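Take a look at the structure below.
The values are calculated or read from the model by the stated rules, or taken from the named source; none is laboratory data. Just so we're clear, the structure is a prediction, and the values are computed from it rather than from any experiment. Note that we place each Cβ from the backbone using ideal geometry, even for glycine, and neighbour counts take in every protein chain shown.
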Amino acid sequence: MNRQAASMEALVSLAKRRGFIFQGSDIYGGLAGTFDYGPLGVALRENLKKIWKDVSVNRRDDMYEIDASLIMHSKVWEASGHTETFTDPLVSDKETGERYRLDHVLEALDIDPVGMTLDQMWDALVASGAKSPNGNEYAYPMTFNLLFPVSMGASETSAALAYLRGETAQGIFVNFKNIIDAYHPKLPFGMAQIGKAFRNEIAPREFVFRSREFEQMEVEYFIRPENWEAAFADWQEAMRTYAQEVGIEMKALHEKEIEKEDRAHYSKRTVDFEFEFPAGTKELWGLAYRTDYDLSRHSEYSKVDLSYFDDATGERFVPHVIEPSLGLDRTMFAVLASAYDEDELGGDTRVVLHLNPKVAPVKMMVSPLLKNKPDLVAKAKEVRAALKKIHPAIAWDDNGNIGKRYRRQDEIGTPWCVTIDFDTLEDGTMTIRERDTGEQVRVSLDEVVERLKAAV
Ligand code: GAP
């Protein structure tokens with residue numbers, strides 16, 4: 001299908017208008033880098049998480065899912081290297097004090113900042129002669145740590161410094177021994193987690209692409225070091241499967257090998273899955289070979305042995321790790337951008353989301369042909385109640401003419417609309433209308449149920 005590319009404005013407007021995504025703390029002017037999700041956003045995110053869990057956990061026999069605390073000990077972040085290296089280069093306007101990410105400023109000047117030290121970036125900026133967006137000089141840059149500190153405890157003097165987690169991954173590493181002790185898994189095995197992560201981004205922007213509070217879906221897959229390449233390839237394939245199943249446009253998805261200078265401090269190999277977002281081609285997800293970096297560092301800092309004993313070979317060693325890391329918010333954005341279309345149907349232009357039925361937040365809409373005919377309304381309610389037993393996301397709409405009702409559902413990606421008319425009262429058949437083609441056929445309730453079951 002050749003779709004109309006989604007502009008940022010069109011997506012933001014649709015997301016707000018139809019209750020997918022709102023600005024966080026909206027009535028107070030908004031809080032930058034935070035978002036609230038409305039009913040359709042919640043349902044869409046649940047479906048994306050469910051499919052991720054199917055692909056990464058439920059279809060396998062070697063996975064352990066956890067849900068770790070969002071607030072974590074400051075030592076965790078010292079051990080992981082985040083306190084020291086989880087920084088972005090920051091440059092500010094000398095007059096207004098406004099702050100910008102120096103690497104983004106350079107990129108906008110067509111200067112590639114990859115591999116540059118802070119001084120080299122500064123020299124490049126000075127050499128370019130660029131001024132701030134307000135036309136002022138820039139001040140000498142600094143590095144800015146992205147972790148959110150939290151002060152824990154009742155009194156200021158006794159409060160301990162902790163951090164909101166900057167990635168869900170560390171919640172997995174600190175629970176490695178708990179899982180080993182409780183379940184005695186054999187290598188290879190993985191731990192999975194879905195949950196919020198927090199980063200004090202200097203420049204949150206491009207809608208939900210870069211926010212300060214976001215959700216991650218991460219796996220840490222523990223292996224013998226000699227097996228890392230095979231495990232890396234397996235998880236790369238699993239990420240492609242996930243992309244396909246959630247309906248990300250595969251020709252807009254690109255896998256990019258990340259050079260050493262641009263990899264995170266813990267990674268020996270990274271492949272980024274990049275997506276052609278409305279504002280440009282950027283990282284959607286990452287796949288990294290984290291070696292034994294994290295477990296070794298946590299062993300060193302916590303003084304707790306995080307090695308693994310192999311009964312079969314009698315060896316004791318620290319497992320290595322492959323990490324597929326997916327951001328839920330960017331996934332949602334990519335799925336919406338992939339599904340968005342403005343096409344012509346029946347002589348009218350419409351906005352439509354061609355969402356995979358398993359991803360669609362509303363599965364079906366049921367409506368009586370006329371809302372002032374009690375028999376039709378009662379029958380439609382009966383049909384809706386029957387369908388809701390299979391899946392709760394069955395909408396009701398009896399407002400306006402039937403064409404308008406269809407358009408409202410097209411815009412939120414509802415795959416099917418079911419209309420109850422006078423023939424339904426006679427023979428139990430109903431009209432089902434298909435979102436993508438607009439095609440309408442008369443079917444029995446059983447056939448409607450069959451379609452719905454395939455979308456669950
Ligand atoms: N555990 C590895 C890790 O956190 P990352 O590349 O920093 O690696 C992984 O983040 C994924 O989390 C990204 O590919 C992206 O999908 C998502 N992500 C990272 N920062 C984000 C932000 N500020 N806003 C929204 N999503 C973000």
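When you look at A334, is it touching a residue at least 40 places away in the same chain (Cβ under 8 Å) and either within 16 Å of the ligand (Cβ to nearest atom) or not hydroxyl-bearing (S, T, Y) (or both), yes or no? In short, yes. Would you mind stating whether S80 is farther than 20 Å from E206 by Cβ, in contact with a Leu (Cβ under 6 Å, 6 or more places away or on another chain) and polar (S, T, N, Q)? No; evaluated as a whole, the condition is false for this residue. With respect to the conditions (1) in a loop (DSSP other than H, G, I, E, B); (2) at pLDDT 95 or above, I322 lacks only one, and its number is (1). Within the span defined as the range 214-223, one or more residues are surrounded by 19 or more Cβ atoms within 10 Å (Cβ to Cβ), polar (S, T, N, Q), touching a residue at least 12 places away in the same chain (Cβ under 8 Å) and touching a strand residue (DSSP E or B) at 6+ places or on another chain (Cβ under 6 Å). Once the range 150-169 is narrowed to residues that are assigned to a loop (DSSP other than H, G, I, E, B) and modelled with pLDDT of 90 or more, the residue that is nearest to the ligand (Cβ to nearest atom) is E167.
Applying the criterion of being away from the ligand (no atom under 13 Å from the Cβ) and in contact with a Ser or Thr (Cβ under 9 Å, 6 or more places away or on another chain) to the residues of the range 209-234, the residue that is nearest to A32 (Cα to Cα) is W228. Taking each residue of the range 88-101 that is under 10 Å from N134 (Cα atoms) and looking for partners that are surrounded by 18 or more Cβ atoms within 10 Å (Cβ to Cβ) and of a type outside the set (A, V, I, L, M) with beta-carbon atoms closer than 6 Å, six or more apart or interchain, yields D93/S132. Remark: F189 falls outside the filter, which requires a residue to be within 16 Å of the ligand (Cβ to nearest atom) and either surrounded by 12 or more Cβ atoms within 10 Å (Cβ to Cβ) or not assigned by TED's automatic domain parsing to the domain that holds A230 (or both). The set of residues in the range 22-69 that are in contact with a Ser or Thr (Cβ under 9 Å, 6 or more places away or on another chain) and among the polar types (S, T, N, Q) comprises Q23, S25, T34. Restricting the range 26-77 to residues that are loosely packed, with under 15 Cβ neighbours inside 10 Å and among the β-branched types (V, I, T) leaves a set whose member that is farthest from A231 (Cα to Cα) is I27.
Inside the range 293-319, residues that are assigned to a strand (DSSP E or B) and touching a Ser or Thr at 6+ places or on another chain (Cβ under 7 Å) make up a count of 2.
Just checking, does the range 11-26 include any residue being modelled with pLDDT of 95 or more and under 26 Å from A192 (Cβ atoms)? Within the range 11-26 (the criterion being modelled with pLDDT of 95 or more and under 26 Å from A192 (Cβ atoms)), the answer is yes, since at least one residue qualifies.
Please tell me if A10 is in contact with a strand residue (DSSP E or B) (Cβ under 6 Å, 6 or more places away or on another chain) and among the aliphatic types (A, V, I, L, M). No: the conditions fail for A10.
Scanning the range 192-202 for residues that are in a loop (DSSP other than H, G, I, E, B) and either free of Cβ contacts under 8 Å to residues at least 24 places away in the same chain or near the ligand (Cβ under 10 Å from one of its atoms) (or both) yields R199, N200, E201. When the residues of the range 115-168 are filtered to those that are touching a Ser or Thr at 6+ places or on another chain (Cβ under 7 Å) and among the small types (G, A, S), the one that is surrounded by the most Cβ atoms within 10 Å (Cβ to Cβ) is A162.
Taking the range 236-248 as the range and being within 13 Å of the ligand (Cβ to nearest atom) and part of a helix (DSSP H, G or I) as the test, the residues that pass are M239, Y242, A243. Scanning the range 250-293 for residues being under 24 Å from V318 (Cα atoms), within 12 Å of the ligand (Cβ to nearest atom) and in contact with a His (Cβ under 6 Å, 6 or more places away or on another chain) gives a total of 0.
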